[in-house]
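Participant: Dropping a structure here in C-alpha cells format, bear with me for questions.
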Amino acid sequence: MNVSIITRYEDIKKEGEPMKHRIRFQTLLGVSLLGFALAGCANTSPATVVDPGISEAPLVEQFESVRQVVDEFLAGDKVTAMTPEELYQIVRECNGHYFLVDIRANQDFVSSNIPGSVSIPYAQTSNPERLESLPKDKTLVVIDYNGHLAAQTAATWNQLGYQAVPLLYGMQSWTKEASPTGYEAFPAQPLNNTLVTDMTTATLGENALPEIKYPEGKTQEYIVHTTRTYLDRNYKGVITAEELDSELQQGPAEHYLLVDIREPKHYQQGHLEGAVNIPLDQLAASDQVKNYSPDQRIVLIGYDGMDASQGARSLVTLGYDCVALKYGMSYWSAQEAATGAVPVHSLVKEYYPLTPLNYLPPSTGAAGCG
C-alpha cells in the first residue's frame, strides 16, 4: 500500500494541507444493541443480541475481549481520512492499490459517480455477500455524501480485517453539484460558537459495563450482525453543531456527556463548556470505559468530525449511545489556534471528474480502471 497517499493529522500539519486530521484506525469488535434506539433520539441500555444461526452455541461474556480489540483499533494508527486531491491522483493514475466504494443511494450513484467506483449502498455495507466481494489486498476508499457515514463504515470494515479509509467530507469535497451531495449544502464558513479554557470538567463516576454475550470464537459474525442491527434502525451517528448548541443554550444537558477527543494541547486552548478531554487513542481504555453511563448520550468532539464518527461507531459497537459532532471543531469555531483544525471550507477543485451512468458491479479492478 502506498501510505504516502493516506492523509494523517501530523502529515497535514507539516504539509499545510487544508485540514488537520488526527484520526487513527485498527481493528474493532462489535456489540449488538437490540434495545438501542438507533434512530438517534432515546437513550437506552444495550442488550444481548443472538444471531438465530448460532443461537445453539453457549453464550459467554465478551465485553473485555471486545474492548481490547476496540482499544487496539483506536490506539493504533489507522484512523485516517483521504483528501480529494489524493483521491484524484489515485483515479488519474489508475492506482491498483486502491478500490473505490460508493455507499450513497444507488440512484445517486448511477446518476453521477467518481470514475472507477462501485456501488454498495450504506444499508448493505454489512451484507455478507457484499463484504465477500471486497478485496482485502487493496485499500478501500469509502465515499458518501458528507464523510460521516463513510467514516463509520470504514471503521467497521477495518474491524473485519479490511483496509478502509473514508473520503474527507465525501462528495461535498469532490463537487458542488447538489445531486451527488444529497442536496446538502456544505458549510460556507464556520460558526462562532463559544470556547472556554476552564479546565474544571464534569466529574465522571464509575458505571456498570454493557453486557456482551455471544458465542465464543464468533467475533466477525458478531461485528457483522451488530452492524446490521443499527443499520436496519437507520442510526445516523451524528449531531449537528446547531442542534448541540441549542441544547446547551437551554442549560446543562445532563443527558449528554461531552467528550473532546482532540489532543490535550488543543483541548486546553479552547473547548466546549463541560466537555471532558479523552483523546481518541484512549477512548476505549479500560480505565475510561467505566466512566461512560448507559443513561447518557456520549457526544464525541473531534477536529473535523471524521475522527469522531469513527470513534462513535466504536463506542456504539461496545454498547454505548454515542454520536459525533458533525464537522467537529472545524465548523464549531473559526479559531484555528484553539481548535487545531483549519476552519471548514470547500475543497472542491474544478478538475475533479464525475461520470454519469457508470455503474460497476463490485469487483477487484484497480481504482479508476473498472
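Participant: Which of the peptides 218-231, 148-161 is most tightly packed, and how do the rest follow, judged by the mean count of other Cβ atoms within 10 Å per residue?
Facilitator: On the way: 218-231: 21.1, 148-161: 26.8.
In decreasing order of mean packing, 218-231, 148-161 become 148-161, 218-231.
Participant: Taking every pair of alpha-carbon atoms in segment 82-193, give the share separated by more than 22 Å as a whole percent. Can you show the working numbers first?
Facilitator: On the way: 1764 of 6216 pairs.
In whole percent, the long-distance tail amounts to 28.
Participant: Which value, to two decimals, describes the C-alpha radius of gyration of segment 296-362 once divided by 2.2 N^0.38 Å?
Facilitator: Dividing the Cα Rg of segment 296-362 by 2.2 N^0.38 Å gives 1.51.
Participant: Same structure again: At 4 °C and 1.567 mPa s, what whole-number value in µm²/s does Stokes-Einstein give for the translational diffusion of segment 132-252, with Rh from the Kirkwood sum over Cα pairs?
Facilitator: On the way: Rh = 18.1 Å.
D, rounded to a whole number, is 72 µm²/s.
Participant: Taking a quarter of the surface of the Cα convex hull of segment 93-140, what do you get in nm²? Show your work: numbers first, answer last.
Facilitator: Numbers: hull surface 14.0 nm².
Directional mean of the projected Cα hull area for segment 93-140 stands at 3.5 nm².
Participant: Bin all alpha-carbon pair distances of segment 185-248 at 5 Å intervals from 0 and give each bin's fraction as a whole percent.
Facilitator: Bin by bin from 0 Å, the calculated values are 3, 9, 11, 13, 15, 14, 13, 12, 7, 2.
Participant: With only Lys, Arg, Asp and Glu charged, each at its Cβ (+1 for the first two, -1 for the last two), find how big the charge dipole of segment 173-236 is about the Cα centre; round to the nearest 20 debye.
Facilitator: On the way: 6 positive and 8 negative charges, 43 e Å.
Its charge dipole is roughly 200 debye.
Participant: State, to one decimal in nm, how far the label point of ASN127 lies from the label point of VAL110, with both points 7 Å from Cα in the Cβ direction.
Facilitator: Calculated label separation equals 1.4 nm.
Participant: Can you tally the net charge around ASP287? Count Lys and Arg as +1, Asp and Glu as -1, for every other residue whose Cβ sits under 14 Å from the Cβ of ASP287.
Facilitator: -2
Participant: Report the label-to-label distance for LEU354 and ASP245 in nanometres (one decimal), using points 7 Å from each Cα along the Cα→Cβ vector.
Facilitator: Once both label points are built, they end up 2.8 nm from each other.
Participant: Which whole-number value in Å² is the accessible area per residue of segment 142-285, probe 1.4 Å?
Facilitator: Numbers: 6140 Å² over 144 residues.
Heavy-atom accessible area per residue stands at 43 Å².
Participant: Turning to a different aspect of this structure: With a ≥ b ≥ c taken as the square roots of the eigenvalues of the C-alpha gyration tensor of segment 133-186, please select rounded if a/c is under 1.5 and otherwise prolate if a/b is larger than b/c or oblate if it is not? Don't jump to the answer; show the numbers that get you there.
Facilitator: On the way: a/c = 3.19, a/b = 2.44, b/c = 1.31.
Verdict is prolate for segment 133-186.
Participant: Hey, can you grab everything whose amide H is under 5 Å from the amide H of VAL118? Only 5+ residues off in sequence or another chain; H modelled, so Pro and N-termini drop out.
Facilitator: Correct list: LEU100, VAL101, ASP102.
The values are calculated or read from the model by the stated rules, or taken from the named source; none is laboratory data. Model, not experiment: these values are computed from the prediction. Neighbour counts are summed over all protein chains in view; Cβ atoms, including those assigned to glycine, are modelled from backbone coordinates with ideal geometry. Quick note on the areas: whole protein, heavy atoms, side chains included, nothing else; ligands and nucleic acids left out. Shrake-Rupley method; radii C 1.70, N 1.55, O 1.52, S 1.80 Å.
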